[in-house]
1. Using the C-alpha gyration tensor of region 106-148, what are the square roots of 5 times its eigenvalues, in whole angstrom, with the largest one first?
2. Taking a spot 7 Å from the Cα of THR118 along the direction of its beta carbon, which residues of region 8-45 have an amide N less than 11 Å from it?
3. Over region 33-155, consider all pairs of different Cα atoms and compute the Kirkwood hydrodynamic radius from their mean reciprocal separation; express it in Å, one decimal.
4. What is the mean projected area of the alpha carbon convex hull for region 134-267, to one decimal in square nanometres?
5. If I take every Cα pair under 8 Å that is 6 or more residues apart in the chain, average their sequence separation and divide by the length, what percent do I get for the relative contact order?
6. Output wanted: per-residue J couplings in Hz (rounded whole) for region 34-41, from phi through Karplus 6.51 cos²θ - 1.76 cosθ + 1.60, θ = phi - 60°, x for Gly and Pro.
7. Just to check I understand the Karplus step: with θ = phi - 60° and J = 6.51 cos²θ - 1.76 cosθ + 1.60, what whole-Hz values come out for region 157-173, glycine and proline as x?
8. Given the DSSP H assignment, sum -39500 (n - 2.57) over each helix run of at least 4 residues in the chain and divide by its residue total; what's the result at 222 nm in deg cm²/dmol, nearest 500?
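The values are calculated or read from the model by the stated rules, or taken from the named source; none is laboratory data. Since we're looking at a predicted model, the values are computed, not measured. So basically every Cβ, Gly included, is an ideal-geometry build from the backbone, and we count neighbours across all protein chains shown. Keep in mind that these areas ignore ligands, DNA and RNA; they rest on the heavy atoms of the full protein, side chains included. Shrake-Rupley method; radii C 1.70, N 1.55, O 1.52, S 1.80 Å.
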Amino acid sequence: MSSDSLPPLPQNRIVLGCGQVAVDFLATVASFPNPDDKIRSTSLKVQGGGNAGNASTCAARLGLNPRLISKVSNDSHGKGILEELEADGVDTSFFIVSEEGNSSFTYVIADSQTNTRTCIHTPGYPPLIPEELSQSSLLSALDGVNMVYFDGRHHETALVVAKEAARKNIPILVEAEREREGLDDLLDFATYAICSAKFPQAWTEAPSVPSALISMLLRLPKLKFVVVTLGEEGCIMLERSVNGGSDAEEMDVHCLLESLKLIKDDSKTIPTCISSVETKLSANGIGTITGRLFVGTAEKIPPSELVDTTGAGDAFIGAVLYGARTCVSIKDPLFPKDPN
């Protein structure tokens, strides 16, 4: 998408993230090794990582003013993390810096044969605890913020931030990558949720992704929309109707999804979005939600140009932060519409 097609930035561009930062040791290999193999990397990069760090960096590069609450140690990794975030325009003044322990780091093996990545993560220690974030720092971090984002880490501190954000009526975006301790409590405060491909069914025990999205909106009454990311298949979003839509036609969510997929133009290389009209969406044995279903396509990248998928989901969340803050309302989709 060209910069000319992006929606204009709002005057208030401040978003607050709370979650993980790390150093990534990104080794590219010709193919993933077998047990007990010794192989050489074809390239090695050392760069900032962590879900919240990556998403905040993306938001900053798109023109927002992100602040971030997290923790590092006063070691070489921690110093590098802070320097890289600050260079990209992320406000790190609300970080906790420990004089002992270690900062988070991740070994990432990028497989050139399958274009996949494998992550081996070492958490930071000691972990961030609520007592380290003073009430005055919390209020300063939230001052002027128009959205808060949580990646599910540092759950005890995140919950303190979420409660205060909710008290101030600040919209909350929660990333649901996988089931984690404390994530259910965060989701109770969520205005928006972005899920990995496997999370909705794992969390709801629903038989399919579309029925799981309905289940999530039924279980989380504050949730305005939920998105599930599907890698190269794009994403699916279910948006709750604001006014109820009592006169809307009822339709099985699976049938509606298949009808939207039939409209999708697979020949287009740029991302597009197809949406239903406001509909009563039903899932057998789960219930009914009135809203709209969206199918978003992913950009088609030639295999020769695809390096790896490290950070792709985090970049998606950064773009959603941008879209949610620049769209006049959720009726303006976060994805560009198919002109046809």
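1. Values: eigenvalues 267, 59, 5 Å².
Three semi-axes, in Å: 37, 17, 5.
2. The answer is 31-37.
3. Numbers: mean 1/r = 0.0616 Å⁻¹.
After inverting the pairwise mean of 1/r, the radius is 16.2 Å.
4. Projected over every direction and averaged, the Cα hull of region 134-267 covers 10.0 nm².
5. Value for the chain: 16 percent.
6. 7, x, 6, 6, 10, 9, 10, 7
7. For region 157-173, the Karplus-derived couplings read 5, 4, 5, 4, 5, 5, 4, 5, 4, 5, 4, 8, 6, 8, x, 10, 10 Hz, x marking Gly and Pro.
8. -8000 deg cm²/dmol
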